[in-house]
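Peer 1: Please see the structure below; I have some questions.
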Amino acid sequence: MQCELCGAVVRGAPKKVQIEGAVLQVCEKCARLGVEIAPPRPVATRRRAQTGARPKAAARPQQHRGRDVFDMMVGEIVEDFGDRIKKARLEKNWTQKDLANEIKEREILIKKIEKGDLIPEDDVRVKIEKALGIKLLDVSDDDLKSRGPAHVSTTVGDIIKIKRE
């Protein structure tokens, strides 16, 4: 078998790794370039022999998401998001608990976000922005233009077609 990344002959069993969202069977050398996907665990036959119980049905493998979360994000979160949240919260005379109740999240989450220990996920960020009337994303003009409905970008497939023609 050949490595799906470099084309070298794979000696022994190939490694199954995920690189940039693609699952490939690669050689030892290329395996360090991605995250190795562990094979499913074999059912423990020793336990069945001792208890006489039948093994549980194997769990279905999780399906991989087609796109990365960062592909869908418009702009970047500002560096001082914790300070902005705290300042806006204090302007409304709210405690961290009040904000947590308003957005229906846990108080510890608000504390960690304000300290800067945790970057808020998109859904939480949107709720905080709405509740406090602030913006936490730094959106550049380029990002706004590239997200328009008329924007079309060149893909690798387009380049291959161009070279063949």
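Peer 1: Taking the range 108-152 only, how many residues are within 24 Å of the chain's Cα centre (by Cα) and at pLDDT 70 or above?
Peer 2: Total satisfying the criteria: 28.
Peer 1: Suppose we filter the range 92-129 for residues that are open to solvent by 90 Å² or more (accessible area, probe 1.4 Å) and without any contact (Cβ under 8 Å) to a residue 24 or more places away in the chain; how many remain?
Peer 2: 9
The values are calculated or read from the model by the stated rules, or taken from the named source; none is laboratory data. Please read these numbers as outputs of a predicted model, since none were measured by experiment. Neighbour counts are summed over all protein chains in view; Cβ atoms, including those assigned to glycine, are modelled from backbone coordinates with ideal geometry. In case anyone asks, the SASA skips ligands and DNA or RNA and just uses the protein heavy atoms, side chains included. Shrake-Rupley method; radii C 1.70, N 1.55, O 1.52, S 1.80 Å.
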